[in-house]
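Down below is the structure, laid out as structure tokens.
We did not get these values from a lab; they are worked out from the coordinates using the rules stated. Note that the coordinates shown come from a computational prediction; the quantities given were computed from them, not determined experimentally. Positions of Cβ are backbone-derived with ideal geometry, glycine not excepted, and every protein chain shown enters the neighbour counts.
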Amino acid sequence: MLKIAIIGGGAAGCFAAANIPALPGREVVLFEKTGKLLQKVKVSGGGRCNVTHSYTGLPELLQAYPRGIALLRKTMHRFTPLHTQRWFENEGVVLKEEPDGRMFPTTDTSQTIIDTLLNCMTRNRTQVFLHHALTDMKLLPDNTFELHFSNGVVYHAHKVLIATGGYSKPDQYNIFTGLGHKFSLPVPSLFTFNMPNEAITALPGLSASEAMVKVLGTKLSVTGAVLITHWGMSGPAILKLSAMAARTLAECNYQFQIGVQWSPLTNRGAVFQQLRQEQGKQAASRTTTAQALATSLPKVRHFPRLPFGRPAGCAAKSPSGSSYPRCIYCKRQNHL
Ligand SMILES: Cc1cc2nc3c(=O)[nH]c(=O)nc-3n(C[C@H](O)[C@H](O)[C@H](O)COP(=O)(O)OP(=O)(O)OC[C@H]3O[C@@H](n4cnc5c(N)ncnc54)[C@H](O)[C@@H]3O)c2cc1C
């Protein structure tokens, strides 16, 4: 009997089990330390599970994870997003593509994905043992593995697939380093920026849809939506930048400076051109300059709360008496 042990009942472990069909003379056993399978999949994609992406161009996809291009290239060529789509469609899951290319089940619930994986595992007669945390693993002279679990169970396997996800503490990898495996030290990723004492935190709720955020002193930058919060900055562009710069930011102990270009308009001439266009539209539609600008610049209604000094030569006052950083009142070009 060929015994295959899968350690971890998350997306990776269950997808592996779903792809190992039952065969005479083969036993597949999945061990999960908690009391439930696929817990992260349940909350993934805001509960809808972003299954894959509609990208067919692999170079583009690999660029999205700059620290792992070499590692991922081979794997992604063998199992592309198109393979993922076909795999789920073969199992009866209908996927839909959103305008940004993300693909979700049409049911809009991750339970569809969970049910599909569990059904496949049942069909494959995968044996599942919950509340079994692997604590030690030995390679025996006959090239089989002896697996020890926290509840005292010992299991012997010919093949072991480790799908335990990531651990936050380096010593949690000790089970596997004893067998000669090497790990890169884990660092935080996908976090918001904490910016205590920065004036910008006076503007919580202010957002820009196409800001370019750069970690100064590096080549790392991301363009996308940025949200100012009462503690600093958040939003998709910040989260993505934190992932791309994860190791760089850990190395400088999270003491770094960013530069933000709030508008996709890259120079003064372009800003004025947009302003003139918006002024033209404004005259026709009776919208205010502030409303018109909100399409391409952060919402100017928040500017009065910025603790910046008034530009030299500008006598304009907001209704509340505070200074404006930009002269939307006196309209002098050299203020912009
Ligand atoms: C909020 C959120 C939203 C997300 N949204 C998406 C999305 O929409 N689309 C997407 O593709 N990805 C998404 N992700 C990422 C995705 O969920 C993970 O990449 C994926 O779940 C990782 O799967 P995994 O099987 O490698 O690890 P995990 O899901 O972490 O599973 C590992 C399993 O191993 C078990 N385990 C650990 N140690 C042991 C041990 N010693 N013995 C036995 N069992 C053990 C754990 O209990 C766990 O069940 C999201 C993640 C989060 C947190």
Collect residues whose amide H, placed 1.01 Å from N in the peptide plane, falls under 5 Å from the amide H of K96; neighbours closer than 5 in sequence don't count. F104, T106
With I258 itself left out, Lys, Arg at +1 and Asp, Glu at -1 over residues whose Cβ is under 14 Å from its Cβ give +2
Tell me, what HN-Hα J-couplings in whole Hz come from the Karplus equation 6.51 cos²θ - 1.76 cosθ + 1.60 at θ = phi - 60° for each residue of segment 52-65, using x for Gly and Pro? 7, 10, 7, 3, 10, x, 5, x, 4, 5, 5, 4, 5, 10
What are the lysines whose alpha-carbon lies under 27 Å from the alpha-carbon of K182, with same-chain residues fewer than 8 places away excluded? K3, K33, K40, K74, K138, K159, K169, K240
Note down the net charge around L130, summing +1 for each Lys or Arg and -1 for each Asp or Glu among other residues with Cβ under 12 Å from its Cβ. +1
Environment charge of F104, counting only residues whose C-beta is closer than 9 Å and scoring Lys/Arg +1, Asp/Glu -1: 0
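So for each of 13-22, 130-139 I average, over its residues, the number of other beta carbons within 10 Å; can you give me the resulting order with the highest mean first?
Per-residue Cβ counts within 10 Å, averaged per peptide and sorted highest first, yield 13-22, 130-139.
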